[in-house]
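Just below is one structure, and these are the notes that go with it.
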Amino acid sequence: MAQITTASIITLIRGIIKDNLKTNGRDAFEYVTDTSFQLSQDYVSSATIKVYKNGTLLTLTTHYTYNSSTNKVTIIATLVAGDDIIITYSYYEKYSDTEIQGYIKSILVWFTRRRYKKTFYMNTSNEIVTLNGMNPTEEEGNIIAIITAIDIDPRNIRIRTPDFTIDPEEHKSKSELINDVFDQFLRSFGTMGFLEERL
């Protein structure tokens with residue numbers, strides 16, 4: 001069985017809230033004097049960045065660096081005024097991984113509030129573990145993803161599993177929707193698998 005990690009839970013959340021990776025990020029620049037180039041999309045997947053100088057692919061750390069805090073690529077290779085710089089990358093439109101991790105941290109308290117048998121927390125490596133250091137099971141990872149997605153966007157998510165359906169009902173609060181998920185999860189624990197739809 002695959003290990004349930006924070007990264008895999010974030011992937012599930014992105015699927016539910018329809019914030020999937022876009023692969024068409026592309027920015028073009030002409031070098032004048034500043035060797036740092038601001039990317040036009042905010043939530044860039046740094047592993048996908050490719051930098052071209054006059055059509056030649058540059059190498060990360062040897063020819064350029066990327067700072068996720070400033071969202072800038074800095075070229076450390078020699079540049080001459082007029083050089084064409086093309087940067088391609090993939091990105092998310094709505095949320096950064098850090099933002100989603102913040103949502104996950106805030107919903108883990110729901111397990112304690114509902115007196116669940118395990119106490120989850122996010123460790124210093126941003127992995128979700130229990131007090132005994134174990135990762136969540138697949139079923140628990142699914143529930144963490146579903147509840148986090150509801151916390152992020154409660155009005156536009158419909159979730160169907162073999163055992164239950166969660167619809168965004170206008171008369172229900174976010175807390176009520178999360179409680180519905182917990183109630184149904186506790187009744188069907190061990191058989192979780194889900195499909196997601198967006199209204």
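The values are calculated or read from the model by the stated rules, or taken from the named source; none is laboratory data. Values in this document were obtained by computation on a predicted structure and should not be read as measured data. Cβ coordinates were reconstructed from backbone atoms using ideal geometry, including for glycine residues, and neighbour counts include every protein chain displayed.
Conditions (1) over 18 Å from residue 13 (Cα atoms); (2) at pLDDT 90 or above; (3) surrounded by fewer than 15 Cβ atoms within 10 Å (Cβ to Cβ), marked per residue:
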{"site": "72", "(1), (2), (3)": "yes, yes, no"}
{"site": "77", "(1), (2), (3)": "yes, yes, yes"}
{"site": "88", "(1), (2), (3)": "yes, yes, no"}
{"site": "100", "(1), (2), (3)": "no, yes, no"}
{"site": "124", "(1), (2), (3)": "yes, yes, yes"}
From the options 48, 33, residue that is without any contact (Cβ under 8 Å) to a residue 60 or more places away in the chain and part of a loop (DSSP other than H, G, I, E, B): 33
When the stretch 113-144 is examined, which residues are found to be out of contact with any strand residue (DSSP E or B) (no Cβ under 9 Å at 6 or more places or on another chain) and outside any loop (DSSP other than H, G, I, E, B)? 113, 138, 139, 142, 143
Does residue 155 satisfy being farther than 22 Å from residue 99 by Cα, modelled with pLDDT under 85 and not aliphatic (A, V, I, L, M)? no
Could you tell me how many of the residues in the stretch 92-147 are charged (D, E, K, R) and more than 14 Å from the chain's Cα centre (by Cα)? 8
Test: residue in the stretch 54-76 that is touching a residue at least 40 places away in the same chain (Cβ under 8 Å), on the phi < 0 side of the Ramachandran plot, not β-branched (Val, Ile, Thr) and not in a strand (DSSP E or B): no
List pairs: first residue in the stretch 130-156 and within 19 Å of residue 166 (Cα to Cα) and basic (Lys, Arg), second residue modelled with pLDDT under 85 and surrounded by fewer than 21 Cβ atoms within 10 Å (Cβ to Cβ) anywhere in the structure, Cβ distance under 6 angstrom, at least six positions apart or on different chains. 155/168
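Criterion first (among the aliphatic types (A, V, I, L, M) and over 30 Å from residue 141 (Cα atoms)) does residue 79 satisfy it?
Taking the combined requirement at face value, the residue satisfies it.
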